[in-house]
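Quick note: the coordinates plus some simple rules give every number you see, no bench work behind them. Fair warning: this is a prediction, and the values are worked out from it, not measured in the lab. Using ideal geometry, Cβ is built from the backbone for each residue, glycine included, and neighbour counts are taken over all protein chains shown.
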Amino acid sequence: MINEMYLSERKIKSLNNNFGSSAPFNYLELKDFFDDSFIERFIIKLKKEGFVHQDSDLFSFYQSNDLIKSKNRIIKQFYDFLNSKYFKDYLFKITNIKSYGKIDCSGFIYSDSDYLLPHDDRLEKRKIAFVFNLSKDFKKCDGGSLDFFKKNKIVKSIIPYFNTLVIFKVVAGKTFHQVSEIRCNKNRISIAGWFNDK
Amino acid sequence: MINKYYLNTKLKSEIAKVLTNDFSVQLYNFIDEKCSKLLKKKLKFKKVYAPNSFSYNISNFDNKGLLVELTNFLESIINKKIKMKSAHVYCFSAGDYILINNDSKEVNGIKVILELNNYWDSNHGGFTSFISNNKEILRINPVCRSLSIILTKKSMSSFIKYINHHSGNNKRYFLEIIYGKI
């Protein structure tokens, strides 16, 4: 399911170096990460999952149930892959972080004026946060970027490019991030969640 | 400055009843447009920003005439002397917010919110929400030139909803006065 270019020993070593040296905290942006044809089929099925509008002081977006509950074969296949020992071993190789507990994983749709304000994901079991972007044609001016903070400033903005997996280490009180407000009529669709400790 | 309609003794006793029963009351057209413009003059705003907590502009408010008038009005409603703790004007524009955190806890007392806007669209966000036991118990929509009186408790928190890009150049201005124990 993973694009072969990410599987060579050389690439894994380079990703490991990049993860360790990235700033403002450890992260990787992995473009064209999964097999394109599978992702196209996955999106069609994902859109059929029930999305519910979630609204609080911190956020406004549409969220699906945890994908573990999905009855769709393709979605189950994707969930099982992310939750597999094979993939968690791969994550360990590129991050040096053990995250062998059950994953949390839901679908998200951010539409016009939706957002997720700055927070650090603090919960003891969360080790690696991930966002897998499924939207096409997003530009910087559309909003929806995943922004990383250092102190009170955004120092890294990741535009949600199609078939891009972003992972970052979760450190309470340090890894502050947000999803900037959507400023267009496009939908930002993603799968996001956490790889947890056991 | 207060709309004379609200100075009627009978009406004041009705307002007191609503306040006792609902712990809050919102009085529409409490001031006129001219007054709302006047009150925003000569304010010196300062930006305060902590990404994981808040983003807004704030100014001290020292128009003693209005503060005395409002305090007298409130005292005549609740039939008690009250002591003002603080008075500030807030300005929220696109991208501003206050999240629930330790600093957003209320005190035992009264919070007064006087909206200084002459235009606001509720689709822009920016409302004030009061939370208790993880549930919203009151939402103050920024109705232009309205006065909201809220009986607050330590167990309550509040937040201000993120103001979205549809607000354009519109800003929510409001005077917030906090009174201590009743």
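The table below lists the values:
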| read-out | value |
| --- | --- |
| Residue exposure sequence - B:MET1, B:MET156, A:MET5 - by fewest surrounding Cβ within 10 Å | A:MET5, B:MET1, B:MET156 |
| Sites B:SER155 and A:GLU9, calculated FRET efficiency, Cβ-Cβ separation with R0 45 Å, nearest 0.05 | 0.20 |
| Residues of type aspartates and glutamates that A:LYS88 reaches as a straight line, Cα spacing below 12 Å, ignoring anything fewer than 8 places off in the same chain | A:ASP80, A:ASP197 |
| Net dipole in debye of chain A [+1 Lys, Arg Cβ; -1 Asp, Glu Cβ; about Cα centre; nearest 20] | 500 |
| Relative contact order computed over chain B (Cα-Cα under 8 Å; 6+ residues apart), in percent | 30 |
| Radius of gyration and maximum dimension Dmax of segment B:2-101, Cα, Å | 16.2, 47 |
| For segment B:4-179, convex hull volume per residue from C-alpha positions, Å³ | 116 |
| Qualifying aspartates and glutamates (Cα of each under 14 Å from Cα of B:LYS81; at least 8 residues distant if same chain) | B:GLU69 |
| Extension gain, B:ASN102 back to B:HIS166 (0.36 nm per residue minus Cα-Cα distance, nm) | 20.1 nm |
| Dipole moment magnitude, nearest 20 debye, segment B:62-116 about Cα centre, only Lys, Arg, Asp, Glu C-beta charged | 340 |
| Burial ordering of A:CYS105, B:CYS144, fewest other beta-carbon atoms within 10 Å first | B:CYS144, A:CYS105 |
| Span from the segment A:11-44 Cα centroid across to the segment A:89-141 one, whole angstrom | 12 |
| Diffusion constant of segment A:60-197 at 37 °C, which comes from Stokes-Einstein with the Kirkwood Cα-pair radius and 0.692 mPa s, µm²/s | 212 |
| Hull-based mean projected area of the protein assembly as shown, where the convex hull spans the alpha carbons, in square nanometres | 20.6 |
| Mean-position separation - Cα centroids, segment B:31-50 and segment A:157-198, in angstrom | 37 |
| Order of B:TYR119, B:TYR173 under a 10 Å beta carbon neighbour criterion, fewest first | B:TYR119, B:TYR173 |
